[in-house]
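Single-structure report; data block below.
The values are calculated or read from the model by the stated rules, or taken from the named source; none is laboratory data. Being a predicted model, the structure only gives us computed values, none of them experimental. Virtual Cβ from ideal backbone geometry, glycine too; neighbours counted across all protein chains shown.
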Amino acid sequence: MDFPLYAPAEEHDLLRETVRALADEKIAPHAAEADETGEFPWEVYKALVASDLHAVHVPEVYGGAGADALAAVIVIEEVARACASSSLIPAVNKLGTVPLLLSASEEVKRRYLEPVARGEAMFSYALSEPEAGSDAAAMKTRAVRDGDDYVLNGVKMWITNAGVSDYYTVMAVTDPAAGARGISAFVVEKADTGVSFGPKERKLGIKGSPTRQVILEDVRIPAWRMIGEPGTGFKTALATLDHTRITIAAQALGIAQGALDYAIGYVKERRQFGKPVADFQGVQFMLADMAMKLEAARQLTYHAAAKSELAMHGKPQKDLTFLSSAAKCAASDAAMDITTDAVQLLGGYGYTQDFPVERMMRDAKITQIYEGTNQIQRMVMARQLLK
Ligand code: CAA
């Protein structure tokens, strides 16, 4: 590369313009409705598929757009600026499929990545369980070898886009005596006998993206659906998060940008004491802080994305684990602050559903929690510093 690692190229800027135009026209109009009804925004999914933006990271060899990690970040950011729930379409398609890209056989990759690239199937990621959240290695879901098959039993929890996705990367214990080294990863299909889903969680935000349990009862799958070697599933799961925590950072950036843009427009129009509230220095300082935090988080996220891209292409980056946790943590904390300030800048109106900033504030909260709470991110960063 002849430009700094983190600098978007001209095609990244063009991509941003394209996604923003699509988001303004076809995604933003559905955002309040998805939040209110809690229904998955199929219209948005169709629009993303029509523009080949639903899973941009899938390599061309599997029929995908072959976009780099920074491009995927920009897509997620711009979709989230309009609708956080919808941004989970490209984000979770990436989360579900990175384990395959990192570790699966060519047969598994072809079989499962191609339908995702064509927009015929979505892919979710099933790591957490009711009693294994931050302590993911404490999972209980079992996969027992039986001839040419594995039989899976257990309950996965907090699974984003569960029920709407056709495919699931499921981590399960194959050797209970081996701890984290006894966990393996598998592709499970929604159509497999014994797969069912819990009721939709009733959440504070991202309501248009279903979060449900994935319940596995004697689910028999062929052994070739294992992703990588037996016992490598936990490492694959964590290596995946090194790439995809960056996409949660992207989502946070987008939500925050949406809130900042809305607040800027509002304070220029809203008049109190005979002048626009934007004329008050107290308001100006708030805006400046919001934009400063956002830009700092954005640069960190883009830098992490550049590292992710290199790592995906056979150039391991020793600071990727630190940077992806740092980006996710910084961007989500920034998004929480910025959306809360946006509500404040709109005053009483900001607190109502007549304006989008209260939704953005509710949506921002999840980015501090999923793909590892920000406490876990700080633990990951500290471990990297001290090791
Ligand atoms: N890449 C590859 N391997 C890694 C790794 C990484 N980044 N980090 C650790 N490992 C390896 C370790 O080397 C170790 O292997 P060896 O024993 O062979 O050396 C193994 O993985 C276990 O590592 P640890 O002992 O560090 O594991 P731990 O049990 O202490 O857990 C943790 C580490 C960081 C706390 C991890 O459990 C974690 O990240 N927890 C948070 C869980 C999480 O992020 N869940 C998100 C769910 S997905 C989601 O939320 C999606 C959504 O809805 C959108």
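Are there any pairs with C-beta distances below 8 angstrom linking a residue in segment 7-18 that is surrounded by 15 or more Cβ atoms within 10 Å (Cβ to Cβ) to a residue that is of a type in the set (V, I, T), with the two at least 6 apart or on different chains, and if so which?
Within 8 Å, the pairs are P8/I74; H12/I74; L15/I74; L15/V75; R16/I74.
For (1) within 13 Å of the ligand (Cβ to nearest atom); (2) within 16 Å of the chain's Cα centre (by Cα); (3) buried (at least 18 other Cβ atoms within 10 Å of the Cβ); (4) part of a helix (DSSP H, G or I), each residue gets a yes or a no:
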site	(1), (2), (3), (4)
A327	no, yes, yes, yes
S332	yes, yes, yes, yes
T339	no, no, yes, yes
V343	no, no, yes, yes
E371	yes, yes, yes, no
Q375	yes, no, no, yes
V380	yes, no, yes, yes
R383	yes, no, no, yes
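Got a sec? Which strands (runs of 3 or more DSSP E) wholly within segment 114-169 have at least 1 residues that are within 18 Å of the chain's Cα centre (by Cα), within 14 Å of the ligand (Cβ to nearest atom) and closer than 21 Å to K46 by Cα? Reasoning before the result, please.
Details: elements: 123-126, 142-146, 149-160.
Correct list: 123-126, 149-160.
Do we have any residue at all in segment 91-112 that's of a type in the set (S, T, N, Q), more than 22 Å from D166 (Cβ to Cβ) and surrounded by fewer than 24 Cβ atoms within 10 Å (Cβ to Cβ)?
Initial filter on segment 91-112 (of a type in the set (S, T, N, Q)): 93, 97, 103, 105.
Narrowing the set further to residues that are more than 22 Å from D166 (Cβ to Cβ) leaves none.
Taking every residue of segment 91-112 in turn, none turns out to be of a type in the set (S, T, N, Q), more than 22 Å from D166 (Cβ to Cβ) and surrounded by fewer than 24 Cβ atoms within 10 Å (Cβ to Cβ).
For E189, only one of the following conditions fails: (1) of a type in the set (D, E); (2) free of Cβ contacts under 8 Å to residues at least 40 places away in the same chain; (3) within 16 Å of the ligand (Cβ to nearest atom). What is its number?
So E189 meets the others, but not (3).
On the given criteria, is T247 in a helix (DSSP H, G or I) and within 25 Å of L70 (Cβ to Cβ)? Walk me through it before giving the result.
On the way: in a helix (DSSP H, G or I): yes; within 25 Å of L70 (Cβ to Cβ): yes.
Against the criterion (in a helix (DSSP H, G or I) and within 25 Å of L70 (Cβ to Cβ)), T247 qualifies.
Looking at I27, I89 in this structure, which one is of a type outside the set (S, T, Y) and under 21 Å from E114 (Cα atoms)? Full working, then the answer.
On the way: I27 fails: under 21 Å from E114 (Cα atoms).
That would be I89, the only listed residue that is of a type outside the set (S, T, Y) and under 21 Å from E114 (Cα atoms).
Please note which helices (runs of 4 or more DSSP H) are completely contained in segment 11-94 and include at least 3 residues that are in contact with a His (Cβ under 8 Å, 6 or more places away or on another chain).
Values: elements: 28-37, 42-50, 69-82.
So the answer is 42-50, 69-82.
Can you tell which of L204, L253 is in contact with a Lys or Arg (Cβ under 9 Å, 6 or more places away or on another chain) and surrounded by fewer than 14 Cβ atoms within 10 Å (Cβ to Cβ)? Walk me through it before giving the result.
Details: L253 fails: surrounded by fewer than 14 Cβ atoms within 10 Å (Cβ to Cβ).
Exactly one residue qualifies, and that residue is L204.
Could you say whether any residue in segment 47-61 is surrounded by fewer than 20 Cβ atoms within 10 Å (Cβ to Cβ), under 22 Å from A191 (Cβ atoms), of a type in the set (D, E) and at pLDDT 95 or above?
Looking for residues that are surrounded by fewer than 20 Cβ atoms within 10 Å (Cβ to Cβ), under 22 Å from A191 (Cβ atoms), of a type in the set (D, E) and at pLDDT 95 or above, one finds none in segment 47-61, hence no.
Please determine, by comparing only the residues of segment 289-305 that are more than 17 Å from the chain's Cα centre (by Cα) and of a type in the set (A, V, I, L, M, F, W, C), which one is surrounded by the most Cβ atoms within 10 Å (Cβ to Cβ). Please lay out each step first, then the result.
Taking segment 289-305 and keeping what is more than 17 Å from the chain's Cα centre (by Cα), we get 289-296, 299, 303.
Keeping just the survivors that are of a type in the set (A, V, I, L, M, F, W, C) gives 290-292, 294, 296.
Numbers: M290: 24, A291: 15, M292: 11, L294: 21, A296: 13.
Out of the qualifying residues, it is M290.
From the list S105, S87, exactly one residue is hydroxyl-bearing (S, T, Y), outside the structural domain of W158 (by TED's automatic domain parsing) and within 26 Å of G208 (Cα to Cα). Which is it?
Working: S105 fails: within 26 Å of G208 (Cα to Cα).
From the options S105, S87, the qualifying one is S87.
Name the residue, out of G233, G258, G314, that is within 16 Å of the ligand (Cβ to nearest atom), under 25 Å from the mean Cα position of the chain (by Cα) and over 30 Å from A138 (Cβ atoms). Step through it out loud before you land on a result.
Numbers: G233 fails: over 30 Å from A138 (Cβ atoms); G258 fails: within 16 Å of the ligand (Cβ to nearest atom).
Selected residue: G314, the only one of G233, G258, G314 that is within 16 Å of the ligand (Cβ to nearest atom), under 25 Å from the mean Cα position of the chain (by Cα) and over 30 Å from A138 (Cβ atoms).
Looking at (1) under 18 Å from A34 (Cα atoms); (2) away from the ligand (no atom under 16 Å from the Cβ), which one does D363 not meet, given that it meets all the others?
Looking at each condition in turn, D363 falls short on (2).
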